[in-house]
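One structure below.
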Amino acid sequence: MADPTTALALYLVLSGLGAGQTDTIPQGPIKSKVHAARTSADITLDGQLTEAGWAAAPPISGFIQREPDEGAPASESTEVRVLYDDDALYIGARLYDSKPDSIRAQLARRDRITNSDRFLVFLDCYHDRRTGFYFGVNAAGTLYDGTLFNDDWDSDTWDGVWEGKVGRDSSGWTAELRIPYSQLRFERRKTQWGINFKREIARRNERAYLVPTPSNGSGFVSRFVELAGIEEVSPPRRLEVLPYVTTRAEYLNHEAQDPFNDGSYLGAGMGGDLKLGIGNNLTLDATVNPDFGQVEVDPAVVNLSDVETFFDERRPFFVEGANIFNFGEGGANDFWGFNWGNPSFLYTRRIGRAPQGELPDDYDYSDVPSGSNIIGAAKLSGKVGTWSLGALSAFTSREHGRFALDQQHWQEEVEPLTYYGVYRAQKEMQGGRHGLGFMGTLTARSFDEPKLPTELSSTATGLGMDGWTTLDPAGMWVVSGWAGVSRSHGTAERMQSLQESSVHYFQRPDASYLGLDSSATSLGGYAARVSLNKQKGNWMFNSALGVIDPKFDVNDLGFQFRSDQINSHIMVGHKWTRPGRLLRSWRLNLAGFRSYNYGGDVTWTGLFLTGLYEMRNFSTGRWSVAYNPSTLSDRRSRGGPLMINQPGVEWDFQMDSDPNKRWIYGFGLHGNHYQEDWEQSWSARAALEWKPGARLSFRVEPQIERIGTSSQYVDTFDDALAASTFGHRYVFATLDQTTVSASVRLNWIFTPKLSLEVYAQPLASSGRYTGFKELARPKSYDFNTYPDPVDTSDPDRLAIDPDGAGPAAQQEIDDPNFSLVSLRGNAVLRWEYSPGSTLFLVWTQNRSDSESTGSFSTGSALGRLSSAPGDNIFLVKISYWWNP
């Protein structure tokens with residue numbers, strides 16, 4: 001087992017291995033300062049550095065390669081100049097190129113990285129050496145911006161309102177950026193900032209910085225040089241208003257008798273966002289009726305497990321600045337986990353989610369909202385001294401569904417009025433060497449419908465503390481961790497349902513330590529995790545120990561896979577960063593891991609070996625193999641007794657070609673093999689991207705997956721005759737499943753501000769269940785086989801009998817065989833007609849069809865997909881950015 005004692009021993013060993021290790025790039029930048037010059041003349045932003053002010057600013061040069069030849073001078077000369085006035089910071093870059101005809105300039109939508117030369121500037125405006133902003137432009141004029149945090153990490157979810165232009169000539173290309181102070185965060189009269197620059201030359205896969213981070217080192221923002229010379233500037237009053245209006249036309253599949261849906265709907269809506277500066281350092285973001293406005297739709301998935309599917313957040317209000325609420329992953333630059341689903345206190349997809357109330361038992365037609373309307377939401381964030389602060393509050397409206405049965409029509413509340421609140425504070429000490437933070441969450445509901453309190457918690461809270469400490473002066477070793485508690489309140493019916501949910505399974509008959517309490521009106525628990533990470537050097541080390549109490553639950557506002565877990569791991573690895581004959585760099589990692597439940601049962605353990613590499617032709621890849629010996633599963637029987645996990649191996653191989661070529665390809669294979677035919681599965685993917693010109697790209701990525709398992713859960717029945725399994729029959733079957741899917745993306749970029757993006761995901765999946773059986777006894781992989789199922793009067797149901805002519809009662813189940821096809825996709829025309837102001841034209845189509853056949857046929861799937869009725873939605877949205 002990867003226990004703390006072993007971790008300490010390896011820590012001491014690796015401390016010796018790490019002794020004397022230095023960064024592959026010499027410490028300390030070539031320049032200690034970058035000087036900015038004040039300009040009183042207007043700067044015309046046209047990508048041409050012709051104004052006299054540019055000549056007055058001292059040039060900055062001496063870039064160093066991080067890739068491909070680490071530590072070598074940049075292959076092409078770069079000169080950067082910095083100007084400022086009372087309103088904005090100006091960055092001008094002359095990017096010389098000995099072969100200007102070879103400059104790559106691929107247009108893309110904002111923040112989309114393409115096969116292009118790029119220039120970026122990084123700013124640490126608080127000068128805290130941990131956070132900041134970045135702004136950039138590629139040689140075609142596409143803009144890039146985002147935030148920097150935790151010294152090493154970045155996010156492109158923030159979109160500022162600023163301008164960047166480029167120019168081309170016989171000497172190379174030029175970039176000219178104007179960054180208003182209103183888009184930055186800095187203290188009044190304090191203009192001691194950090195700064196760094198990056199240049200990318202696509203044809204050489206070259207990335208050069210003024211101050212690079214070594215490939216065997218850590219820390220990015222902390223290495224910035226000082227930006228000197230800026231005087232007498234102050235943060236301006238910050239107020240931004242972004243109202244929007246939409247019109248929507250829906251043409252939906254429907255039944256002729258449906259009283260709620262005649263197949264068409266026309267409507268309009270409006271909403272808006274507000275951004276207000278409070279003092280110098282805090283920003284209030286508010287929104288009314290926020291919308292999605294993204295290209296991708298949530299992919300279709302076939303989930304036969306007891307674990308909820310996780311979908312990424314895409315709504316701009318919640319995506320922007322989400323790193324403020326990152327919890328438990330500060331200080332260290334790397335975190336590993338094996339069979340550990342780190343619970344998240346905040347999962348913003350809970351806000352505005354689909355109504356959760358159970359629908360009536362009997363109805364012919366229904367009209368239920370697809371999501372809860374967000375009445376309003378506000379987010380306060382910023383930095384006060386060494387404290388980073390964040391608060392998010394949102395209200396969602398009471399939602400009702402309409403139902404019809406024969407001639408009867410009625411309404412029922414399906415989602416209550418709900419408040420969601422998140423509160424975050426984090427303090428950094430000694431320049432970020434140590435940190436301490438707190439996080440609290442609250443979900444509170446107001447019910448009108450009498451049955452809803454039995455289905456949803458009335459309140460749910462979470463409280464956590466996290467932090468990190470650096471153990472040595474060189475910053476090589478960092479300990480980070482977090483601890484939290486949760487509590488949910490509600491009716492006894494709701495608390496029993498929560499205890500029996502797939503997160504907890506308190507009803508497990510052979511887990512006396514859990515103790516299902518049917519009279520409880522609250523549920524509270526704790527969770528914690530601590531990790532040790534080696535930050536620098538070619539030797540890598542990471543170890544962690546985590547616990548999740550059986551009663552811990554943050555799913556009302558967070559995301560949690562399971563509770564009742566004690567998990568640990570140790571990982572040791574090595575990096576080879578000097579280019580060789582075949583490889584530019586590669587690494588090898590070996591890990592051991594183990595998980596227990598609170599009853600002391602080993603639920604997962606194994607060894608994991610993985611490698612990553614970059615070839616001389618800039619292709620990249622990774623591979624892994626894991627061995628998992630026999631353990632016990634406390635989840636496979638879905639609340640039933642323990643079952644044996646059969647021993648076996650899992651393997652994976654992925655490879656992708658140079659992303660800076662016109663044709664890009666990739667492929668991957670994944671599989672596993674376990675004894676007793678527990679699971680024998682494999683999947684394969686291929687990817688091909690074509691970039692025929694500077695404005696167009698097309699990518700298709702097909703995938704096929706085959707799953708074969710002899711123990712797919714089907715259902716549970718009460719039967720006093722099943723004495724060996726505690727009066728219940730746990731029914732399983734052999735599953736043979738085939739899934740074929742693809743993602744298809746077309747990007748046509750007319751200008752940096754006008755683009756058309758098309759995304760589609762076809763999917764076909766079929767699963768056949770055979771060999772029905774029941775678990776014979778706990779802590780085994782033994783089964784009692786059933787006779788073949790028989791049909792019933794309902795074509796969608798089957799009858800199964802545990803013992804044929806024996807005394808056990810026959811049971812009816814829904815036919816689990818399935819064969820479904822779906823197509824999801826949309827097309828988005830986006831025009832930024834003015835800085836920060838955008839027009840969207842959107843077409844979305846969904847179509848699907850399902851049968852209870854279980855057989856897979858490509859021809860049949862395509863035919864059903866082409867003939868399936870589709871839902872078409874057309875949307876026009878226009879927003880206007882106003883900065884009074």
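Here are the numbers:
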quantity	calculated
Dipole of region 64-184 [Lys/Arg +1, Asp/Glu -1 at C-beta], most positive-end residue of Phe149, Leu123, Gly172	Gly172
Normalised contact order of region 379-427, rounded percent, pairs of Cα under 8 Å and 6 or more residues apart	42
Cα coordinate range in region 420-496, projected on the principal axes (Å, largest first)	61, 21, 11
Under-5 Å amide H pairs with Gln535, H placed in peptide plane, nonlocal only	Trp477, Val478
Convex hull volume per residue in cubic angstrom - Cα atoms of region 429-547	139
Highest average packing first - 679-688, 463-472, Cβ atoms within 10 Å	463-472, 679-688
Taking the C-alpha atoms of region 797-876, convex hull volume expressed per residue in Å³	151
Histogram of C-alpha separations across region 30-123, 5 Å bin width, %	2, 11, 18, 22, 20, 15, 10, 2, 0
Proximal lysines relative to Lys33, as straight alpha-carbon distance under 28 Å, when same-chain residues fewer than 8 apart are discounted	Lys165, Lys190, Lys198, Lys383, Lys427, Lys536
Debye log10 I(q)/I(0) at q = 0.07 Å⁻¹ for the chain, Cα point scatterers	-0.64
Region 742-792 - convex hull of alpha carbons, volume per residue in Å³	196
With DNA, RNA and ligands ignored, accessible area of Ile230 (1.4 Å probe; Å², nearest 10)	10
Order by protection proxy (mean Cβ within 10 Å, highest first), peptides 113-122, 328-337	113-122, 328-337
Exposure ranking of Asp101, Asp306 by accessible area [1.4 Å probe, largest first]	Asp101, Asp306
Ordering of 596-609, 396-409, 555-568 by burial proxy (mean other Cβ atoms within 10 Å per residue, highest first)	555-568, 596-609, 396-409
Per-residue SASA entry for Ser585, accessible area with 1.4 Å probe, Å² rounded to 10	40
log₁₀ of I(q)/I(0) at q = 0.11 Å⁻¹ - region 612-752, Debye sum with one point per alpha carbon	-0.63
Kirkwood-based shape ratio for region 688-733, expressed as Rg/Rh from alpha carbons	1.61
Residue order for Ser40, Ser344 - accessible surface, 1.4 angstrom probe, largest first	Ser40, Ser344
Cα gyration tensor shape of region 304-357, rounded if a/c is under 1.5, else prolate or oblate by comparing a/b with b/c	oblate
Under 14 Å, Cβ to Cβ, from Ser624 - net charge with Lys/Arg +1 and Asp/Glu -1	0
Overall form of region 285-384 per C-alpha gyration tensor (a/c, 1.5; a/b vs b/c)	oblate
Gyration tensor verdict on region 223-359 (Cα atoms; rounded if a/c is under 1.5, prolate if a/b is larger than b/c, oblate otherwise)	oblate
Carbon/sulfur fraction of accessible area - the chain, other protein chains in place, 1.4 Å, %	54
Dipole axis of the chain (+1 Lys, Arg; -1 Asp, Glu on Cβ), positive-most option in Gly708, Gly467, Ala809	Gly467
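The values are calculated or read from the model by the stated rules, or taken from the named source; none is laboratory data. Owing to the predicted nature of the structure, the values given are computational and were not obtained by experimental measurement. With ideal geometry, Cβ positions are generated from the backbone for all residues, glycine too; neighbour counts draw on all protein chains shown. Remember, those area values only see protein heavy atoms, side chains included, never the ligands or the DNA or RNA. Shrake-Rupley method; radii C 1.70, N 1.55, O 1.52, S 1.80 Å.
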